[in-house]
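Novice: Structure provided below as structure tokens; questions to follow.
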Amino acid sequence: MSFSDAEWQAIGLSVRVAVACMVITLPLALWVGYKMARSRFRGKAVVESLLHLPLVMPPVTTGYLLLLALGARSPLGQWLESAFGLRLAFSFHAAVIASAVVSFPLVVRSVRTAMEMVDTRLEDASRLLGAGNLKTFFRITVPLAMPGILSGAILGFARSLGEFGATITFAGNIAGETQTLPLAIYALMQVPGGEEATLRLVLVSVGISLAAMLLSEWYIKKLRHDRG
């Protein structure tokens with residue numbers, strides 16, 4: 001199976017976007033998931049609905065809202081460009097942001113569920129023994145919730161690999177810069193005689209996602225085995 005330079009670019013870009021997305025979303029998802037699992041406050045249902053909104057909205061709508069908020073004509077976009085020379089829309093950064101926004105609810109949902117299953121008495125005992133909240137979080141809560149956290153990270157990675165609507169709206173379909181695997185597959189489907197190249201990229205996309213899921217399952221089973 002021989003890949004063209006453009007195909008290698010799409011594959012490499014997709015992996016870079018997915019990894020960057022996972023690095024960005026996971027720390028924030030840990031904090032948000034913990035707060036949603038442990039906190040009780042008025043309006044929590046509204047906050048939860050807003051967090052999960054990208055899951056139910058059409059991805060193109062999400063991309064359009066990102067374009068309105070961070071595009072070159074938006075107040076924030078103009079400020080970022082004038083202050084830092086940073087133009088987000090139709091760039092690699094836009095592809096990462098679009099993927100992160102769409103995949104974030106999946107990661108939060110998995111992290112929150114895992115943390116809700118951690119026995120709070122263990123956290124209370126840790127604090128009684130003198131550990132602070134931060135130390136308890138990283139020594140007790142995170143290790144016990146690790147299978148769910150890992151599952152959320154892999155789900156976010158896989159969702160990022162498959163992101164299309166928000167990316168093409170906010171980042172465009174620029175070869176070598178924002179053309180990820182789904183966008184490259186879509187572009188090749190429009191070209192007469194592009195069936196073979198399309199199939200190659202589809203197989204690569206499926207292979208990467210499947211490998212990530214298998215690695216996640218193996219590691220989760222290893223964690224459970226190590227804990228007895």
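Novice: If you scan region 114-138, which residues turn out to be crowded, with 16+ Cβ neighbours inside 10 Å and not charged (D, E, K, R)?
Specialist: Within region 114-138, ALA114, MET115, VAL118, SER126, ALA131, THR136, PHE137 qualify.
Novice: Please pick out the residue among LEU199, LEU188 that is buried (at least 21 other Cβ atoms within 10 Å of the Cβ), more than 18 Å from VAL107 (Cβ to Cβ) and over 19 Å from the mean Cα position of the chain (by Cα). I'd like the intermediate steps shown before the answer.
Specialist: Numbers: LEU199 fails: buried (at least 21 other Cβ atoms within 10 Å of the Cβ).
Only one candidate qualifies: LEU188.
Novice: Which of the following residues is under 23 Å from ARG16 (Cβ atoms), without any contact (Cβ under 8 Å) to a residue 40 or more places away in the chain and crowded, with 20+ Cβ neighbours inside 10 Å: LEU88, LEU106?
Specialist: Within the list LEU88, LEU106, the selection yields LEU88.
Novice: Considering each of THR178, THR141 in turn, give the residue that is surrounded by 21 or more Cβ atoms within 10 Å (Cβ to Cβ), in contact (Cβ under 8 Å) with a residue 60 or more places away in the chain, in a helix (DSSP H, G or I) and out of contact with any strand residue (DSSP E or B) (no Cβ under 7 Å at 6 or more places or on another chain). Please lay out each step first, then the result.
Specialist: On the way: THR178 fails: in a helix (DSSP H, G or I).
The conditions single out THR141.
Novice: Sticking with this one: Could you say which residue among GLY176, GLY162 is within 20 Å of LEU55 (Cβ to Cβ) and not aliphatic (A, V, I, L, M)?
Specialist: None of the other options fit; the residue is GLY162.
Novice: Sticking with this one: May I ask you to say which residue of THR180, THR113, THR136, THR167 is more than 22 Å from the chain's Cα centre (by Cα) and modelled with pLDDT of 90 or more?
Specialist: So the residue among THR180, THR113, THR136, THR167 that is more than 22 Å from the chain's Cα centre (by Cα) and modelled with pLDDT of 90 or more is THR136.
Novice: Look at LEU122 and say whether it is in a helix (DSSP H, G or I) and either more than 28 Å from ALA175 (Cα to Cα) or touching a residue at least 12 places away in the same chain (Cβ under 8 Å) (or both). Write out each step before concluding.
Specialist: Details: in a helix (DSSP H, G or I): yes; either more than 28 Å from ALA175 (Cα to Cα) or touching a residue at least 12 places away in the same chain (Cβ under 8 Å) (or both): yes.
Yes.
Novice: Just to be sure before I move on: is GLY207 within 19 Å of the chain's Cα centre (by Cα) and within 25 Å of PRO54 (Cα to Cα) in the structure I sent? Talk me through it step by step, then tell me what you get.
Specialist: Details: within 19 Å of the chain's Cα centre (by Cα): yes; within 25 Å of PRO54 (Cα to Cα): no.
No; evaluated as a whole, the condition is false for this residue.
The values are calculated or read from the model by the stated rules, or taken from the named source; none is laboratory data. Every value quoted in this text rests on a predicted model; they were computed, and no experiment measured them. Ideal geometry is used to build each Cβ from the backbone, glycine not excepted, and the neighbour counts take in all protein chains shown.
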